[in-house]
Amino acid sequence: MSQTVVGLPPRAANRPVRTKTAGAGHARDFMSWIVGVLFLFGLTTTAWAEPGIDARRVVLGSHQPLTGPASEFSAIGHAAQAWFQYVNDLGGIHGRQIELRIRDDRLQPERAVEAIRTLVVQDQVFALFASVGKRTHAAAQPAWASFQLPDFFVQSNAPEWTDPARPGVFAFEPTPEVEARVLGQYLLRKHGGERIVVWHASKFREAAFMLLRHGFTPQVQRKESDTSPEALQGIVKSLKQARPQVVVALAEYGDLLRFLQVFDAEGGTALVYTGTALADSETPRLLSLAMLKQLRLLTALPLALEQDHPGIQLHRKLLEVYAPDLVMSRWTIQGQAAAELMTAVLERSGRDLSASTALRSAERLDLPKSHLLPPVALDSQQHRALTSLRVIQLHPDRVDSLSDWIDGR
């Protein structure tokens, strides 16, 4: 029968305790000598006390759709692995190599739960990193939380991960509410006295109200609808009658794209502002030149079209060297950016890395900028990384930046 060892992580606590046998005194003397040698080399025993950490490496885990209809998101993990390999070739972090184990969940909740079990029991990971998907991670998170291990930079814009802050959980993407606060600040400065209509899908109601709290004049109207083709046609016709100078559109990627295509087909002439969903170098292929001239977007990360951006230039080189089969996309950029942030947390945690030191370092992180990241500031109440955004205009061959960083916290 195994005995429970108090004070160790759950997995270690359930391992059998070895009883004393003949010759144990010699073995104990030998182990004491080993510990002394390790101490002389600066390898503290803290590194051995938790799963996924030893003197030479730290092991991170992630569940992502490596296969299946959503496999394009797997580029996030593969690009992160490329960044970690680059860091490892530079000597690692405090002498440790970073390993990222990715388990395939096909973006299915039940597979995500199984992936968590594999990551903890088989892969012995130190922390979860950059797991993808709202529904999949929501299904997997209770199992993960039971092991009391850190959960860094969930790849989801769902507010429930960080509003309010959850102990040990950090998210990466901006929420619709963060985007609304940024849009509200910019629009008030740029279009404060103009006729503005805010259209939003039903699930973006809170974001719309967040935007309207910035003190706009009564000329601002709010319109809510579902996103069926008939509803979008009706909304666009009502917009033409209202004749706004500015339209704000808040919805998910596919719904936004359909809205803009209907708006364009119906001859809409207003400027259209929206969040980060369409901040993609592929967007110019999907919209007319006329619509691109009217469209304003938010982004936290540089786009592949920004070929002169130093971070994009480095990203391209890293993919060529470490992931030659990957094609640069918004997902590879997002993967490297998240990995840069994870590296900053590990670096600031020091040589005596543990779950507690990593979580403290994350909550004290104030990163003015990195290769791909905007300014990032985390604390005990703020667990979401991307809250500084800029306003951009897309062209087929370039990106125009229309603002400095705007803080959406």
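No lab work stands behind these numbers, since they all come straight from the coordinates. All values derive from a computational prediction rather than experimental measurement. Methodologically, a virtual Cβ is constructed for each residue, glycine included, from the backbone with ideal geometry; neighbour enumeration extends over all protein chains shown.
Structural remarks
- About the centre of its Cα atoms, the stretch 224-307 shows a dipole size close to 380 debye [charges on the beta carbon of Lys, Arg (+1) and Asp, Glu (-1) only; nearest 20 debye].
- Pairs with C-alpha atoms separated by more than 27 Å, drawn from the list K134/K190; K134/K240; K190/K223; K134/K317, are K134/K190; K134/K240; K134/K317.
- Shape descriptor for the stretch 52-167: Rg over Rh equals 0.97 (Cα atoms; Rh from the Kirkwood inverse mean 1/r).
- Using the alpha carbons alone, the radius of gyration of the stretch 167-229 stands to its Kirkwood radius in an Rg to Rh ratio of 1.05.
- For the stretch 239-297, the residue among P284, V248, T269 whose Cα projects farthest onto the positive side of the dipole built from Cβ charges is T269.
- Isotropic mean projected area of the C-alpha convex hull, the stretch 280-409 (nm²): 9.2 nm²
- Selection among L305, S349, A385 by position relative to the dipole of the stretch 268-401 gives A385 as farthest towards the positive end (Cβ unit charges, Cα centre).
- Residues whose amide H comes within less than 5 Å of that of S388, counting only those at least five positions distant or on another chain, are G408 (H built at 1.01 Å from N in the peptide plane).
- The ranking of M210, M342 by Cβ neighbour count inside 10 Å, starting from the fewest, reads M210, M342.
- Among A290, A377, A385: highest mean-square fluctuation, GNM of the chain, C-alpha pairs under 10 Å: A290
- Using alpha carbons only, the radius of gyration of the chain set against its Kirkwood radius gives Rg/Rh = 1.05.
- Three-way shape label, the stretch 152-256, alpha-carbon gyration tensor, a/c 1.5: oblate
- Residue among D89, D366, D255 with the largest mean-square fluctuation in a Gaussian network model of the chain, springs linking Cα atoms under 10 Å: D89
- Cα centroid separation, the stretch 173-252 to the stretch 363-377: 29 Å.
- Structural size metrics of the stretch 75-118, computed from C-alpha coordinates, are Rg and Dmax of 13.4, 38 Å.
- In a reduced charge model with +1 at each Lys and Arg Cβ and -1 at each Asp and Glu Cβ, the chain shows a dipole moment near 560 debye about its Cα centre.
- Gaussian network model of the chain, Cα within-10 Å springs - most flexible of K190, K293, K134: K190
- Whether the stretch 196-269 is rounded, prolate or oblate, judged on the alpha carbon gyration tensor where a/c under 1.5 counts as rounded: oblate
- Only helices enter this figure: runs of n ≥ 4 DSSP H residues, each worth -39500 (n - 2.57), summed and divided by the residues of the chain, yield -12000 deg cm²/dmol at 222 nm to the nearest 500.
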